[in-house]
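The values are calculated or read from the model by the stated rules, or taken from the named source; none is laboratory data. From a predicted model like this one, the values you see are computed outputs, not experimental measurements. Neighbour counts run over all protein chains shown; Cβ positions are idealised from the backbone, glycine included.
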Amino acid sequence: MADQTKTAGVSSLSHHAVAGQDSTLGPTGERYFMRFTLMQRYMHAIMFTTFLGLAATGLTIRFSTNAWAQHFAFAIGGFGAILFVHKLCAVTLTFEFLYHVKDIAVRILFRKEKGLLWGPSSMVPNLQDLKDIIGNFRWFFGLGPKPEIGRYAYWEKFDYWAVFWGMIIIGFSGYVMWFGPFFGRFLPGWALNAVQIVHGEEALLAITFIFSIHFVNSHLRPDNFPMDTTIFTGAMTEDEFKERHGHEYQKLVREGRLEEKLTTRPPTWLVNFSRLVGFTAVFIGLALLVLTVSAYFRE
């Protein structure tokens, strides 16, 4: 899918645009470069949709004695309906996670893409990430220049592994609770009680992290505010590429491969739709964060 998307993006380039209009250029003449493939954008859409569903329903169950939770459950159709939606979102997200793991395994074991494990295109933390962290702290306090970030920033890797870890811990504990009689055949009672605590506390941690740290890093930072639509459109301008991933940009320039990343300008409807979806998700997430914090400290 990634190769097909890249080929489509590059093949659409034309140096002979009709009437001086080039679909690869923005209103001010900026070029666009591919950041995420169509499949990656689809998977992100499924992930954030199901996560919002899990958060909304899970918090309603967790804080079921709160007035807002009872009103929300009544509007959906009762706590039975809330639990059904929670399980539906969980199963959907589980299938996506398994597909992602399968895709990684195939690319590493059969396609021999060793760069997924180590290198500039890997999500695995390395020594350069530590240097970027130190460099960023120095830049924060005016002690040095802003570090040039590669394909993935250290905070993006942290986001990725936080979700990966959460899928394993929260997902497994959730299925143990769901199929309690089965797991109760070989797990002691204290383990089942511990699983319930782990599921609830890890879920609260994940919700707090995503709706605060992740949202700030992705959308509310000064250079992204008020909305970074790259994950929805798949493309970023050349200025954004230089600013956010300068190390990768310079590397592609040196290797003469920058043109391979060129893609078409996202259509206006897609940009507007991306902003609508993004703002809606941020609003829901921040509202759930406020409800979570207020309900937690009332207990």
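Considering every residue within region 175-190, establish whether at least one is small (G, A, S) and either at pLDDT 95 or above or in contact with a strand residue (DSSP E or B) (Cβ under 9 Å, 6 or more places away or on another chain) (or both). Among the residues of region 175-190, not one is small (G, A, S) and either at pLDDT 95 or above or in contact with a strand residue (DSSP E or B) (Cβ under 9 Å, 6 or more places away or on another chain) (or both), which makes the answer no. Each residue in region 210-227 was checked for being more than 12 Å from the chain's Cα centre (by Cα) and surrounded by 15 or more Cβ atoms within 10 Å (Cβ to Cβ), and 4 of them qualify.
Residue check, P120 against (1) in contact (Cβ under 8 Å) with a residue 40 or more places away in the chain; (2) under 21 Å from F97 (Cβ atoms), all met but one. Which one? With (1) in contact (Cβ under 8 Å) with a residue 40 or more places away in the chain; (2) under 21 Å from F97 (Cβ atoms) applied to P120, the lone miss is (2). When region 42-68 is filtered for residues that are surrounded by fewer than 20 Cβ atoms within 10 Å (Cβ to Cβ) and aliphatic (A, V, I, L, M), the ones remaining, listed by number, are M43, A45, I46, M47, L52, I61, A67.
Counting only residues that are surrounded by fewer than 19 Cβ atoms within 10 Å (Cβ to Cβ) and touching a residue at least 60 places away in the same chain (Cβ under 8 Å), which one in region 137-152 is nearest to the chain's Cα centre (by Cα)? Break it down stepwise before answering.
Initially, region 137-152 is screened for residues surrounded by fewer than 19 Cβ atoms within 10 Å (Cβ to Cβ), giving 137-146, 148, 151.
Checking which are touching a residue at least 60 places away in the same chain (Cβ under 8 Å) leaves us with 148, 151.
Working: E148: 22, R151: 15 Å.
My answer is R151.
Checking F72, F48 one by one, the residue that is modelled with pLDDT under 95, within 19 Å of the chain's Cα centre (by Cα) and either within 30 Å of Y249 (Cα to Cα) or not in a loop (DSSP other than H, G, I, E, B) (or both) is F48 and no other.
Filtering region 112-146 down to residues that are among the basic types (K, R) and assigned to a loop (DSSP other than H, G, I, E, B), which residue is farthest from K251 (Cα to Cα)? Even if it seems obvious, please write down each step before you answer.
Of region 112-146, the ones among the basic types (K, R) are 112, 114, 131, 138, 146.
Add one more test, that the residue is assigned to a loop (DSSP other than H, G, I, E, B), and what stays is 112, 146.
Working: K112: 22, K146: 17 Å.
For region 112-146, the residue satisfying everything is K112.
When K102, K157, K112 are checked against the criterion of being within 27 Å of A203 (Cβ to Cβ) and loosely packed, with under 13 Cβ neighbours inside 10 Å, K102 stands alone in meeting it. Is region 80-93 home to any residue that is at pLDDT 95 or above, hydroxyl-bearing (S, T, Y) and assigned to a helix (DSSP H, G or I)? Yes; the residues of region 80-93 include at least one that is at pLDDT 95 or above, hydroxyl-bearing (S, T, Y) and assigned to a helix (DSSP H, G or I). If the condition is being among the β-branched types (V, I, T) and closer than 15 Å to F48 by Cβ, then region 214-232 contributes T229, T230, I231.
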